[in-house]
Amino acid sequence: MNTAKLFVIDYALHGEPKSFIVRAETMDNAEAWHWASCDAGVGRIGRYGREKIKKISQPLAERYGITEVKWRLSR
């Protein structure tokens, strides 16, 4: 059974507001910062679900101009 949910992630890139939706089983602040980095072109999305990649942390994302990351469950 698929337990994935849709999450809305809002963030700012160099002060410009951005928003997108991602499907994931779980979400927390660390995941949201990583996904915001991927949307901004900084982070990397693994090719396969099993591929282990290094996630982008909040301090590293902030160095690239990503701020104000917030997430919520989509309706």
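Which members of the stretch 31-54 meet the condition of being modelled with pLDDT of 90 or more and either within 14 Å of Asp10 (Cα to Cα) or among the basic types (Lys, Arg) (or both)?
Listed by number, the residues that qualify are Glu31, Ala32, Trp33, His34, Trp35, Ala36, Ser37, Cys38, Asp39, Ala40.
Among the residues that make up the stretch 18-33, is at least one of them over 21 Å from Ser74 (Cβ atoms) and either touching a helix residue (DSSP H, G or I) at 6+ places or on another chain (Cβ under 6 Å) or surrounded by fewer than 16 Cβ atoms within 10 Å (Cβ to Cβ) (or both)?
no
Under the condition of being in a strand (DSSP E or B) and not charged (D, E, K, R), which residue from the stretch 38-75 is surrounded by the fewest Cβ atoms within 10 Å (Cβ to Cβ)?
My answer is Leu73.
The values are calculated or read from the model by the stated rules, or taken from the named source; none is laboratory data. For clarity, every value in this text was computed on a predicted model and none was experimentally measured. Note: ideal-geometry Cβ built from the backbone for every residue, glycine included; neighbour counts use all protein chains shown.
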